[in-house]
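The values are calculated or read from the model by the stated rules, or taken from the named source; none is laboratory data. As the structure is a computational prediction, the values presented were derived from the model and not from experiment. Virtual Cβ from ideal backbone geometry, glycine too; neighbours counted across all protein chains shown.
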Amino acid sequence: MEGKSMDQILLRSRISKDIFFATIFITILNVVDSLLTMIILDHGGSEANPVVSSIIQMYGDRFWLWKYAVVSLSLIIIFHLRKLRWVKSSLVAINFIYIGIVLYQIILICHLPKIY
């Protein structure tokens with residue numbers, strides 16, 4: 001890939017920049033969500049999603065591996081459907097939902113009791 005720009009790589013593989021970056025951003029937000037969830041759990045909080053809560057009870061701190069795998073598999077499926085009209089708007093919606101979740105977690109963390 002020496003000397004090739006991101007535009008050339010994306011053009012060659014027929015991937016829209018919007019879809020590529022939306023997918024990468026969802027992946028990053030997924031990791032941030034998992035890290036913030038672990039911080040909240042360490043401070044006595046609980047998981048609001050009942051499915052993820054069950055996974056946390058089963059796997060403990062390793063729940064993020066399951067979560068990462070499920071989100072990644074979903075993104076791979078969506079990526080293969082990228083030519084459908086609804087995919088781009090769905091990725092945008094998922095990003096906004098994830099941003100809302102992460103912002104909510106940050107607010108929760110800011111209001112946690114300080115542990116020194």
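State yes or no: is residue 59 within 27 Å of residue 20 (Cβ to Cβ), among the hydroxyl-bearing types (Ser, Thr, Tyr), in contact with a helix residue (DSSP H, G or I) (Cβ under 8 Å, 6 or more places away or on another chain) and free of Cβ contacts under 8 Å to residues at least 60 places away in the same chain?
In short, no.
Among the residues of the stretch 64-84, write down those that are under 26 Å from residue 16 (Cα atoms), hydrophobic (A, V, I, L, M, F, W, C) and assigned to a helix (DSSP H, G or I).
69, 70, 71, 73, 75, 76, 77, 78, 79, listed by residue number.
Could you tell me which numbered condition residue 94 fails, if it satisfies all but one of (1) surrounded by 13 or more Cβ atoms within 10 Å (Cβ to Cβ); (2) not in a helix (DSSP H, G or I)?
Single failed check for residue 94: (2).
Enumerate the helices (runs of 4 or more DSSP H) found wholly within the stretch 1-63, keeping only those where 1 or more residues are modelled with pLDDT of 90 or more and within 21 Å of residue 104 (Cα to Cα).
Hits in the stretch 1-63: 17-42, 50-59.
In the stretch 47-84, what residues are within 18 Å of residue 25 (Cβ to Cβ), exposed (fewer than 14 other Cβ atoms within 10 Å of the Cβ) and among the charged types (D, E, K, R)?
none
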